[in-house]
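The values are calculated or read from the model by the stated rules, or taken from the named source; none is laboratory data. This structure is a prediction, so every number in the text was calculated from the model and none was measured. Glycine gets a Cβ as well: all are built from the backbone with ideal geometry, and neighbour counts include every protein chain shown. Just the protein is used for accessible areas: all its heavy atoms, side chains included, with ligands, DNA and RNA removed. Shrake-Rupley method; radii C 1.70, N 1.55, O 1.52, S 1.80 Å.
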Amino acid sequence: MPVAAAVDAVGAGAPAGVVLHAGGQPHVLLCALAAALAWPAVRAVRRRYAPAALGESRGGLQVLGDWLVLLGVLAVVRTAFGEITEPSIALAGLAWAPLLTALCRRATYHHLIAARREAHAVRRALVIGEPAAADHVVGHLASRTEHGYVVVGVVPVGSAKLECGAPVTERLAVLDPAGPQDDATAVLRAAREHDAELVLVAPGPRLSAERLRRLSWCLHDAGLPVALLPGLIDVQVNRVGLDAPAGLLVLHIAPPVRHGVQVGLKSALDRTGAALGLLLLAPVFCVVALAIRLTSPGPAFHRQVRCGRHRTRFTMWKFRTMVADAESRKPELEQTGANEHDGLMFKMRRDPRVTAIGRLLRRCSLDELPQLVNVLRGEMSLVGPRPPLPEEVDRYDEVALRRLAVKPGITGLWQVSGRSDLSWDETLALDLRYVDNWSLAGDLEVMTRTVRAVVDGRGAY
């Protein structure tokens, strides 16, 4: 039994046995054993221990779904055997199973990511495609370390030069080969040379459907797996569906969620969370406001016009972290080339306009707390892209404008990925990834990771 399955079994059986014993329920050992066996069995049937799934996701909705299935299975067993265990006590005993499993999944995920940073727990991939497409694939995979592939070589189509620097030991002809084995012979030689475990194919005009079909036959007969790269980026798996009309493989890409139940729940959670936050943090607001007023002249709060969803302007609230005339001094700093950001935003590590108390507030992200008022008013969300200034939006191209397809947020992927240390291109890529793939589970994960980012403090200036 895998370690994860053993942890699941202990997580379901031990707490159930303890709670049932404390509640004076009959057949404690048998019930605990049934829970210990049923929980990993349910997860195994739902392929949670498969190599492609184990440790790949930190989401908790899958665990919750498995737990609901477990309750259904045990309810059937309870009825079949005439068990008289009190349902509420049994439910309390089983409640620890998803929690311990979720913690195990998170630990496994972090272990897997750490291993991949050292090029462990990855599959050695050989890329096939036209040089431009191969360069794009190799560069994109090399830019991130959380995935399970490492490119060990490239088999380009044609004689054009590669820019990515990956090893090239074989090339495919531009035209379709005369013999069906010619392409496969070259690819298999390269795979043996680089000890590749998988072939990644980047389709193009010179790799026709029939040519790919014959190549895949030969590679599969030789025991070498083949994967096709459709050319899409930053599309989560849960948005992709497969179909094969008339034998043609079709990828269906679900549109981003913009309406429906999830959007309604997000709005309700935003406003509820903002209201509770304002209520619970009222003493913190008073202390911070008093500290600002006592340490520098000017108001405690800073109001600034920002752009929200669909370029709608609103007044965003923050605790003041700069001197009172900071806005009037910004053009002077811009003229002297003080901006350390490579994009449309103005950022300085040692901005002379920031006060002493302001640096502390930024370090702890306390200056963002008044934006809970904007969330309560429906102008912002708890999670989303950062709200830009109108003058920044005026310089946006059509790609950057897609950031404004959703409500801006107090925190987001930028916050948990480096904040001000990120380049404009990196910030934009993270925002677009969120805009196209957001979900309630993803928002909860971002908020959890925000706590760590705030404690860490990197990129906060």
>> When you check Arg206 against the structure, is it charged (D, E, K, R) and modelled with pLDDT of 95 or more, yes or no?
In response: no
> All but one of (1) among the small types (Gly, Ala, Ser); (2) assigned to a helix (DSSP H, G or I); (3) surrounded by 11 or more Cβ atoms within 10 Å (Cβ to Cβ); (4) out of contact with any strand residue (DSSP E or B) (no Cβ under 7 Å at 6 or more places or on another chain) hold for Gly298; which doesn't?
Replying inline: (2)
>> Whether any residue in segment 172-187 is hydrophobic (A, V, I, L, M, F, W, C), touching a residue at least 12 places away in the same chain (Cβ under 8 Å) and closer than 30 Å to Leu422 by Cβ is what I want to check.
In response: no
> What is the number of the single condition among (1) open to solvent by 50 Å² or more (accessible area, probe 1.4 Å); (2) closer than 29 Å to Ser439 by Cα; (3) out of contact with any helix residue (DSSP H, G or I) (no Cβ under 8 Å at 6 or more places or on another chain) that Leu91 does not meet?
Replying inline: (3)
> Would you pick out the residues in segment 224-260 that are more than 33 Å from the chain's Cα centre (by Cα) and closer than 30 Å to Ala186 by Cβ?
Replying inline: Gly247
> All but one of (1) among the aliphatic types (A, V, I, L, M); (2) open to solvent by 30 Å² or more (accessible area, probe 1.4 Å); (3) over 16 Å from Val7 (Cβ atoms); (4) assigned to a helix (DSSP H, G or I) hold for Ala115; which doesn't?
Replying inline: (2)
>> Every residue in segment 124-147 that is touching a residue at least 60 places away in the same chain (Cβ under 8 Å), open to solvent by 40 Å² or more (accessible area, probe 1.4 Å) and within 21 Å of the chain's Cα centre (by Cα), please.
In response: His140
> Right, Asp270: in a loop (DSSP other than H, G, I, E, B), open to solvent by less than 50 Å² (accessible area, probe 1.4 Å) and in contact with a Leu (Cβ under 8 Å, 6 or more places away or on another chain) or not?
Replying inline: no
> Taking the condition β-branched (Val, Ile, Thr), under 24 Å from Ala186 (Cα atoms), surrounded by fewer than 21 Cβ atoms within 10 Å (Cβ to Cβ) and modelled with pLDDT of 85 or more, does Val150 pass?
Replying inline: yes
> Can you spot a residue in segment 305-320 that is of a type in the set (S, T, N, Q) and either modelled with pLDDT under 85 or more than 35 Å from the chain's Cα centre (by Cα) (or both)?
Replying inline: no
>> Can you list the strands (runs of 3 or more DSSP E) lying wholly within segment 124-230 that have 2 or more residues being within 25 Å of Leu248 (Cα to Cα)?
In response: 198-202, 226-228
